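Scroll down for the structure; my scribbles are underneath it.
The values are calculated or read from the model by the stated rules, or taken from the named source; none is laboratory data. Everything numeric in this text was worked out from a predicted model, so none of it was measured. Cβ placement follows ideal geometry from the backbone for every residue including glycine, while neighbour counts extend to all protein chains displayed. What goes into the accessible areas is simple: the full protein's heavy atoms, side chains included, and nothing from ligands, DNA or RNA. Shrake-Rupley method; radii C 1.70, N 1.55, O 1.52, S 1.80 Å.
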Amino acid sequence: MSAGKWDEKFKVFLKKYYWDEILQLANEYPDQRSLIVDFSDLEIFDRKLADELLENPDDVIPSAKQALQQIDLPIEASLDDASVQFIKIPNKIPIRDLRSAHLLKFIAIEGMVRKATDVRPKILIAAFKCLRCENITYIPQAGMKFIEPYECENETCGKKGPFDVLVKESTQIDAQRLQVQESPENLKGGSQPQSLDMDVEGVLVGHATPGTRVIVNGTLRSILRTTREGKSPFYDIFLHANSIEYIDTEFNELEITPEEEEEIIKLSRDPEIYTHIIKSIAPSIYGYEDIKEALALQLFSGVAKHLPDGSRIRGDIHILLVGDPGIAKSQLLRYMVKLAPRGVFASGKSASSSGLTATAVKDDFGDGRWTLEAGALVMADMGIAAVDEMDKMRKEDKSSLHEAMEQQTISVAKAGILATLRSRCALLGAANPKYGRFDRYEGIAQQINMEPALMSRFDLIFVLLDTPDKERDLKIAEHIVKAHHAGEMSEQRMLIPGTTITQEDVDLKMQVVMPQIEPEIMKKYIAYAKKNVVPVLEEDARKYLIDFYMNLRIQGEGKDAPVPVTARQLEALVRIAEASARIRLSNVATLEDAKRTTRITLSCLKQVGVDPDTGAFDVDVLTSGTSKSQRAKIKIIKDVIRNVASRHSGGKAPLEEVYIEAEAEQIDREHAEKLIEKMRRTGDLLMPDENHIRIVL
Ligand code: ADP
Ligand code: MG
């Protein structure tokens, strides 16, 4: 290798600033084979050299490497294959702002690894043996295409092959391709994240799994795009990585100034803070105070705990919204993604090829290699994943959700890829009932196409019914129209120059849909609380939760009474109480927090786990869709139908007679209709014509 322009300068720099590190590297070589240099050291040493690195990395990096490899060591050791990695590069460029001016410059890209291929060897210098004269020709393989010798280098031979590639004589390097995507928190207003491909080699390979947050420092390169018609004049760009920095802090991107911190603390001391926060969640959506309160708790979340046996208990609160269409479920989800310091929105229906969790695929990106791709729950690691239309999820997603929700990891074992990705996120799901509208006499699990085992992993489940209610309907209608009215005025003021609408008019009308706390400061409030507040439950709070839980369990005592709640609910109670304390930035979860928790939990249980007939708690309603008393009623009505049918030919029972006899058995007409409808759907009943039914079997 020829001496580079900067070799001597680098030798001085390395000796002066990195002597100890070099000695250590020499000791551990070749297990360790790279020296990590902080850019700011280089800047202090020689500003011009540092600038040169950013401007001409292809000259400067090889120089630094050369200098390191040739440095005089006081011990008997060699660093002949060591390299230099530069970190903490100031030129951090958002992926969407990359332009042609950045080509061949040294830049830093921050984001989240979305895809990672297998690690495979790549030839750096290929050795070709001429099969006629056995001479070996070496050809460096710098580009994207494999270059073969034009003719044998041996002058007396000079034939155009054939050649064999000698693996042993060639120089290989480990190579991997990554795709890095903009972090969700850096996206403005729900725009689609953009991504950049990265080539990583040597010591850098094999560390970054999908979902990892990274800063990759490297040189931006381009290759001509080839299409089916041949080469096109457009370039594809990729980053040739020099170093990777791993980030594992929750909210490093959100900077909170001392003034903002002061404002946050002031807000937290307001006795009305809970109301303020609830009123700041989706203010354009009318009502749903209880759901918004739960959503607020989800934003703040409980405390994740690490036990001595190495296990981890999640602190994230999973919430499911089930209900009729058109009642603002999707809107709530979208707003939550906006409010969460880190939010990812996905739909069960249209989730990309990577689905909700993760998949291993063989595609163009990996040039035929296997690629591991992260789905929404991995991308939302340490944030909130809002998944709409969960009833339309794919089967594979459903099965991996169990692990993703409880252990908060996602294991992939496919095609030799064995990986565990992290999904430490809170899941906010929404689901529509199968038959369009919610049927209160049928189990939720069945209606939204989700197994009971999966449903039980949600800490809170809300059922939203669109039942006509004159008073409420009017209020919603007024609220929606007011929001539109304010919007119209604001648009007219902005777009029509001579309008008579003033800013004061607009501000006045906007008040109804104004969040009490601005989303930007709310985001920081949440980030601040999650980072700085770790509540511990007080004695009486603990006792209160245990009592509450035991009380619910007691309802399940007795010979064949239904079991009301499971231990999962107790864990949920603890998490919610912790979140409640976090909202007011308190490190103590008090009795008040415990009371808020049981109030919310009770209102949920009332919707999902109550026998519509008796009003008693019964998780069977949730799981099998049929409560104990309903099962009994179905039995009664079946007997009635059999009875009536036996009096008629062909086993056909006239509906009218069935209703009359059912009423005699204390099942009113409306209820009997519901039960019959249900049995018809499950295939237990046939309806040969409008007025007759027949029992199957
Ligand atoms: P879903 O996902 O439940 O089917 P959407 O979120 O798509 O429903 O909501 C449908 C529309 O109805 C949205 O524009 C929403 O703003 C409006 N809407 C429904 N309920 C309310 C409400 N309570 N307050 C304000 N707007 C509402
Ligand atoms: Mg929807």
Seminar exercise, completed: The residue that is nearest to the chain's Cα centre (by Cα), considering only those in the stretch 48-79 that are outside any helix (DSSP H, G or I) and surrounded by 16 or more Cβ atoms within 10 Å (Cβ to Cβ), is ASN56
For this session: Give the stretch 279-288 a look and list any residue that's open to solvent by 30 Å² or more (accessible area, probe 1.4 Å) and more than 10 Å from ligand 1 (Cβ to nearest atom), or say none.
Result: LYS279
Seminar exercise, completed: Counting only residues in the stretch 221-262 that are at pLDDT 75 or above, touching an Asp or Glu at 6+ places or on another chain (Cβ under 6 Å) and not aliphatic (A, V, I, L, M), the one surrounded by the fewest Cβ atoms within 10 Å (Cβ to Cβ) is identified as HIS240
Seminar exercise, completed: Subset of the stretch 289-333, residues open to solvent by 10 Å² or more (accessible area, probe 1.4 Å), part of a loop (DSSP other than H, G, I, E, B) and either outside the structural domain of ALA346 (by TED's automatic domain parsing) or within 16 Å of ligand 1 (Cβ to nearest atom) (or both), comes to PRO325, GLY326, ILE327, ALA328
Exercise. When the stretch 382-426 is examined, which residues are found to be among the charged types (D, E, K, R), away from ligand 2 (no atom under 16 Å from the Cβ) and either in contact with a strand residue (DSSP E or B) (Cβ under 8 Å, 6 or more places away or on another chain) or at pLDDT below 85 (or both)?
Worked result: ARG394, LYS395, GLU396, ASP397, LYS398, GLU403, LYS414, ARG422
For this session: Answer with yes or no whether ASP290 is charged (D, E, K, R), closer than 21 Å to LYS524 by Cα and more than 16 Å from ligand 2 (Cβ to nearest atom).
Result: no
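Every residue, every condition in (1) closer than 30 Å to SER586 by Cα; (2) open to solvent by 40 Å² or more (accessible area, probe 1.4 Å); (3) not in a loop (DSSP other than H, G, I, E, B), yes or no:
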{"site": "HIS479", "(1), (2), (3)": "no, no, yes"}
{"site": "ARG493", "(1), (2), (3)": "no, yes, yes"}
{"site": "GLN516", "(1), (2), (3)": "yes, yes, no"}
{"site": "TYR525", "(1), (2), (3)": "yes, no, yes"}
For this session: Select from the stretch 19-47 the residues that are under 20 Å from GLU76 (Cβ atoms) and part of a loop (DSSP other than H, G, I, E, B) and list them in ascending order.
Result: TYR29, PRO30, ASP31, GLN32, ARG33
Seminar exercise, completed: Filtering the stretch 334-347 down to residues that are of a type in the set (A, V, I, L, M, F, W, C), open to solvent by 10 Å² or more (accessible area, probe 1.4 Å) and within 18 Å of ILE278 (Cα to Cα) yields VAL337
For this session: Consider only pairs whose beta carbons are under 6 Å apart and that are at least six residues apart or on different chains; among these, list those whose first residue lies in the stretch 29-43 and is β-branched (Val, Ile, Thr) and whose second residue is open to solvent by less than 20 Å² (accessible area, probe 1.4 Å) and in a strand (DSSP E or B).
Result: ILE36/GLN85; VAL37/VAL84; VAL37/PHE86
Problem set entry | Residues satisfying the stated conditions in the stretch 348-374, i.e. within 16 Å of ligand 1 (Cβ to nearest atom) and either modelled with pLDDT of 80 or more or open to solvent by less than 10 Å² (accessible area, probe 1.4 Å) (or both) | GLY348
For this session: Hey, can you tell me all the residues within the stretch 380-398 that are in contact with a Ser or Thr (Cβ under 9 Å, 6 or more places away or on another chain), away from ligand 1 (no atom under 16 Å from the Cβ) and in a helix (DSSP H, G or I)?
Result: GLU396, ASP397
Exercise. In the stretch 39-92, which residues are farther than 14 Å from ILE22 by Cβ and touching a Lys or Arg at 6+ places or on another chain (Cβ under 8 Å)?
Worked result: PHE39, SER40, PHE45, ASP46, LEU49, LEU54, GLU55, PRO57, ASP59, SER63, ASP81, ASN91
